[in-house]
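Colleague: What follows is a single structure, and I will ask about it in a moment.
The values are calculated or read from the model by the stated rules, or taken from the named source; none is laboratory data. Model, not experiment: these values are computed from the prediction. Ligands, DNA and RNA are stripped out before the accessible areas are found, and what is left, the full protein with its side chains, is counted by its heavy atoms. Shrake-Rupley method; radii C 1.70, N 1.55, O 1.52, S 1.80 Å.
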Amino acid sequence: MKALDIDAIVCPPGFALRPMVESDLPQVLAIEREAHFTPWGEQAFRDALTMGDILPTVLADMEITGYGVLKILWREAELLNLSVAKPWQRRGIGRFLVAVSLQSALRYGATEVFLEVRDSNVGAQALYRQMGFEIVGLRKAYYACPEGKREDAWVMRWQGK
């Protein structure tokens, strides 16, 4: 597969990028609850903001359309959360957020980025593969599902320059 030039990816037309701020939390939490069966709580986002994690946020006017949470851990990073509001999906926002996260990881000296993705989330898996991630592991019964069931998570890794 040809390497993806993450530096060539630009914010989709009509959208803007900025870091998440505390006043974004009501909109972020609404997206989070809609997007995930086990959403992050307000305190998790507050902790990420306090700890200095990288939280890229994409907006259309003043409306948050998507966000990510990237934790830098010296020479590696972990993409902990990436969500795009349902009405804004399929417009390049997720791809852009991944690219911004990879750029940020490199800027802070991380040469590998890891993430987990649900086995059933084939769309996200395809996006991550297109962006240069590869599957490196499996976490059995990692995610909670309705009716008390559990779903496996694929561990994926991106290796930078």
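Colleague: If the viscosity is 1.002 mPa s and the temperature 20 °C, what Stokes-Einstein diffusion coefficient in µm²/s follows for segment 27-114 when Rh is the Kirkwood radius over Cα pairs?
Modeller: 161
Colleague: For Thr57, list long-range residues whose amide hydrogen, built 1.01 Å from N in the peptide plane, is under 5 Å from its own amide hydrogen.
Modeller: Residues meeting the amide H criterion: Arg18, Met20.
Colleague: How large is the accessible surface per residue of the chain, computed with a 1.4 Å probe and reported in Å² as a whole number? Walk me through the numbers on the way to the answer.
Modeller: Values: 8870 Å² over 161 residues.
Accessible area per residue: 55 Å².
Colleague: Another one. Determine the share of the chain's accessible area contributed by carbon and sulfur atoms, expressed in whole percent, with a 1.4 angstrom probe. Present the calculation step by step, with values, prior to reporting the outcome.
Modeller: Working: 4760 of 8870 Å².
After summing per-atom areas, the C and S share lands at 54 percent.
Colleague: Let me ask something else about it. Taking the chain as a Gaussian network, where each spring joins two C-alpha atoms under 10 Å apart, which residue of Gly123, Gly68, Gly148 fluctuates the most?
Modeller: Most flexible of the set in this elastic network: Gly148.
Colleague: Give me Rg over Rh for the chain, both radii from the alpha carbons and Rh done the Kirkwood way, two decimal places. Don't jump to the answer; show the numbers that get you there.
Modeller: Numbers: Rg = 15.1 Å, Rh = 16.1 Å.
My calculation of the ratio gives 0.94.
Colleague: Another one. Ignoring everything except DSSP H segments at least 4 long, calculate the 222 nm mean residue ellipticity for the chain; use -39,500 (n - 2.57) per segment, divide by total residues, nearest 500. It would help to have the intermediate numbers written out before the result.
Modeller: Numbers: 4 runs with 45 residues, N = 161.
Helix-only estimate at 222 nm: -8500 deg cm²/dmol.
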